[in-house]
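Novice: Have a look at the structure that comes next, please.
The values are calculated or read from the model by the stated rules, or taken from the named source; none is laboratory data. Quantities reported herein were computed from a predicted structural model and do not represent experimental measurements. Heads up: the accessible areas ignore ligands, DNA and RNA and are worked out on the full protein's heavy atoms, side chains in. Shrake-Rupley method; radii C 1.70, N 1.55, O 1.52, S 1.80 Å.
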Amino acid sequence: MEETLKLLKQKGIVCCVISILITVVIMICAFSGLKSMLPFMRTELNAAYFDDAQISEYSPESSPKQSAKGEVLISSIAPFSRNDIVGSITLGSTELDLCYDCDDIALMKRARLESGKYPGEIGISRIYAYKNSLTPLALINPGDTIEISMPYGAYTFTVKEVKNQIPVSDSSLTSSDIKRGIVIYTDTQETYGISGKCTAVFAELTSGPKITNG
């Protein structure tokens with residue numbers, strides 16, 4: 001009788017161990033499946049918000065005026081508003097709408113033209129995009145061209161330099177060697193949004209109307 005009880009206890013322990021192992025395996029499989037679905041779920045969630053974002057097309061009442069030299073007078077450019085679609089940018093195999101000073105929701109599958117310098121002005125215009133929306137900047141090389149279309153003209157910029165793992169700061173995202181140009185930068189992390197480091201492409205204006213104060 002005692003031997004029978006011992007045998008049953010042993011079998012009970014074995015069954016418990018097997019049940020625990022099966023439960024652990026199921027939980028691991030379930031977690032792995034959920035983890036693999038997260039990027040899709042995040043994309044779908046962002047897309048839902050993206051559709052509701054307050055996006056508007058920039059529609060000025062009058063066209064910008066040009067000087068005798070063919071330069072655009074900045075005073076004649078109607079001000080942009082936040083989340084206005086003000087143009088487009090083509091880099092490598094990617095073409096994205098340029099959204100002025102847009103929020104993170106509006107930024108999905110778009111590039112943000114940050115407030116400050118306009119493309120064509122003296123100085124550096126800053127453009128940011130999620131790295132998953134853009135041709136990987138690591139594949140861009142000096143000599144490559146970037147096309148930008150704005151309400152006041154079409155532009156070509158030639159890449160001068162690509163910098164990796166630089167701080168996201170005003171001092172890092174500028175260049176004293178470029179008089180009129182742009183910097184396009186993306187986050188270096190796996191998540192959306194801006195972290196402390198970025199990859200940046202600096203390009204100089206090679207064609208398109210210059211913007212002047214008149």
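Novice: In vacuo Debye scattering of the stretch 53-167, one point per C-alpha: log10 I(q)/I(0) at q = 0.20 Å⁻¹?
Specialist: -1.18
Novice: Are any of the pairs LYS65/LYS109; LYS163/LYS197; LYS131/LYS179; LYS117/LYS210 more than 22 Å apart by Cα-Cα distance, and if so, which? Write down the numbers at each step before the final one.
Specialist: Numbers: LYS65/LYS109 31 Å; LYS163/LYS197 11 Å; LYS131/LYS179 26 Å; LYS117/LYS210 12 Å.
Beyond 22 Å: LYS65/LYS109; LYS131/LYS179.
Novice: Counting only protein heavy atoms and using a 1.4 Å probe, what share of the accessible area of the stretch 82-170 belongs to carbon plus sulfur, as a whole percent? Please list the in-between numbers first.
Specialist: Working: 1690 of 3730 Å².
Here it works out to 45 percent.
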